[in-house]
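The values are calculated or read from the model by the stated rules, or taken from the named source; none is laboratory data. Given the structure is predicted, the values throughout are model-derived calculations rather than measurements. Here Cβ is always computed from backbone atoms with ideal geometry, including for glycine, and neighbour counts include all displayed protein chains. Heads up: the accessible areas ignore ligands, DNA and RNA and are worked out on the full protein's heavy atoms, side chains in. Shrake-Rupley method; radii C 1.70, N 1.55, O 1.52, S 1.80 Å.
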Amino acid sequence: MMITHYDFIRMSEAEQYDAVWAGTFLGDRKEGDLWVQLYNVSSFYVEVYYDSGFNKIQRIRSFTKVAQLDLYL
């Protein structure tokens, strides 16, 4: 199912996680104490901020601008 970025923003947290896990993993990076995992979901991107010390997702952030991918290059 193709969802838009607007649809994603309006989803519940649980629905957003389901959409992310159905997306394509592109890479990860370290930011402070967190790992940030990048996914492509339909026509936008989602970053999942993961605290491996507590084994907990701290937050997710979605975006559409390709320039924001520079942190992964």
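Check whether at least one residue in the stretch 34-55 is aliphatic (A, V, I, L, M), touching a Phe, Trp or Tyr at 6+ places or on another chain (Cβ under 6 Å) and either open to solvent by 50 Å² or more (accessible area, probe 1.4 Å) or over 22 Å from Ile3 (Cβ atoms) (or both), and report yes or no. Yes, the conditions are met somewhere in the stretch 34-55. Of all the residues in the stretch 22-73, those that are small (Gly, Ala, Ser) and on the phi > 0 side of the Ramachandran plot number 3. Checking the stated criteria, Lys30 turns out to be free of Cβ contacts under 8 Å to residues at least 60 places away in the same chain, over 13 Å from the mean Cα position of the chain (by Cα), within 15 Å of Leu71 (Cα to Cα) and open to solvent by 80 Å² or more (accessible area, probe 1.4 Å). Pairs are defined by a Cβ separation below 9 Å, a sequence spacing of at least 6 or placement on different chains, a first member in the stretch 58-70 that is within 14 Å of Phe8 (Cα to Cα), and a second member that is of a type in the set (D, E, K, R) and in a helix (DSSP H, G or I); the pairs so defined are Ile60/Glu13.
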